[in-house]
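K.L.:
Okay, here's the structure, questions in a sec.
Since every read-out is calculated from the coordinates, none of them should be taken as a lab result. Predicted model, so just to flag it, every value in this text is computed and none were measured. As a convention, Cβ positions derive from the backbone with ideal geometry for all residues, glycine included, and neighbour counts pool all protein chains shown.
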């Protein structure tokens, strides 16, 4: 029987934490041992809080002053789901936060290709008479290409995308760009992801506003963390904003017992925000355990490897195929800034194309029947110079190509108002001239896929974008 007269002051690094006399972990035979257990749990919690980078439930406006790959948030710390609540939660008895039923069966996955993908290497305009002379040593042999329509061809690394094209489940929009016309990665990604016309012109991402619009129009309770999900170690700017979204990646943290979570729940009971985040994290981890058979730490190692994008794509498809799963998701793949030794049919760029192709395959395979209701967009901040530089690479350019794939896509086509590759037709005499605004592509997808009105898209998702008309005919 516990002694109710024991000293319940625990001191760890001169920080005092008071407990009630009953034991939140369970009945104890020795109160001193219980205090010691609490102290050890607190030490563990502190260490895990400092190192955890797993799940973040994020609310608040986008930080447009932070480079995309250093996502720093200024929200109060208690708004974040501490990593300790996500380390290993399967089997813990907690109040269930049932995921809200998704307000739509339509799915959208946006793959952000960070670093500026060379569109002339991805979708090769070999039918343009100026192509070979302009590209010089970066021109890909015609026999190695995957012919699309007699003018354009895919890079040979895109075996899956080529099959999708043949099955009329993939379309390409070429000579496309955001309104941004300078050549800074950070500013270009800011414009691409916020959906505006100038860097830092908006305070939230277009995908975040899209989630909010769908929730609003479907009378879905604002704040569900399931409709929008960022799969990766951070939330990209496109997903940041006032509408609550989730972020998930496998954790490498060691497993802890259910007693630990009971204690944390007890500590958090006076803070509704922390307790809610803890319970939701537990529910997510339980869902993860049901969806994935693989060891979580092994999955975490795979997600951080060179081929980690493919692992994350598999996870994304597995989550999104669920009837009550996310409907709007983001993925990221870097490695596109090919200033040197770019290669042609083989080489560094070809390897990255291969990873992207495998990611598309993983999404289709894991989505299963849900692929028929899915659109996958692969977008990049800008293209690259048409001519090679002195290092057998390319420099920052302007227009590139965009892949639009999925069972809901009217594919088998390359959509392009082709500007030509002669010097007089290049943008500033060096870049592929943009003839399609990426916002037009996005509007075409969102309007026809989700049934959203152009008025709503122009007012909410892409404010003041009337100059970018909807691109029709992308969706079945």
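K.L.:
Could I have the simple spin-label model distance between residue 217 and residue 203, label points 7 Å from Cα toward Cβ, reported in nm to one decimal?
P.N.:
Modelled inter-label distance: 2.5 nm.
K.L.:
If packing is taken as the average count of other Cβ atoms within 10 Å, what order do 399-408, 317-326 fall into, highest mean first?
P.N.:
Descending mean neighbour count gives 399-408, 317-326.
K.L.:
For the pair residue 391 and residue 346, how long in nm is the line joining their label points, each one 7 Å along Cα→Cβ?
P.N.:
2.3
K.L.:
What FRET efficiency do you get for residue 276 and residue 472 if R0 is 35 Å and r is their Cβ-Cβ distance, rounded to the nearest 0.05?
P.N.:
On the way: r = 43 Å, r/R0 = 1.23.
E between residue 276 and residue 472, to the nearest 0.05, is 0.25.
K.L.:
Based on the mean of other Cβ atoms within 10 Å per residue, sort peptides 231-242, 332-343, 366-377 so the most packed one is first.
P.N.:
The densest-packed peptide leads the list: 231-242, 366-377, 332-343.
K.L.:
Next question. May I ask you to derive the FRET efficiency for residue 163 and residue 322 from their Cβ-Cβ distance with R0 = 25 Å, giving the value to the nearest 0.05? Provide the component values of the computation, followed by the final result.
P.N.:
On the way: r = 26 Å, r/R0 = 1.03.
The computed FRET efficiency comes out at 0.45.
K.L.:
R0 = 56 Å: FRET efficiency of residue 424 with residue 269, Cβ-based, nearest 0.05?
P.N.:
That pair, residue 424 with residue 269, gives E of 0.20.
K.L.:
Which order do the peptides 159-167, 351-359, 268-276, 203-211 come out in when sorted by mean C-beta neighbours inside 10 angstrom, highest first? If you can, show how the numbers build up before the last one.
P.N.:
Numbers: 159-167: 19.1, 351-359: 21.2, 268-276: 14.6, 203-211: 25.9.
So the peptides 159-167, 351-359, 268-276, 203-211, ranked by packing, come out 203-211, 351-359, 159-167, 268-276.
K.L.:
Here's another thing I want to ask about it. Can you give me the C-alpha center-to-center distance between the stretch 376-396 and the stretch 416-452, rounded to a whole angstrom?
P.N.:
Spelled out, the Cα-based centre of one part sits 15 Å from the other.
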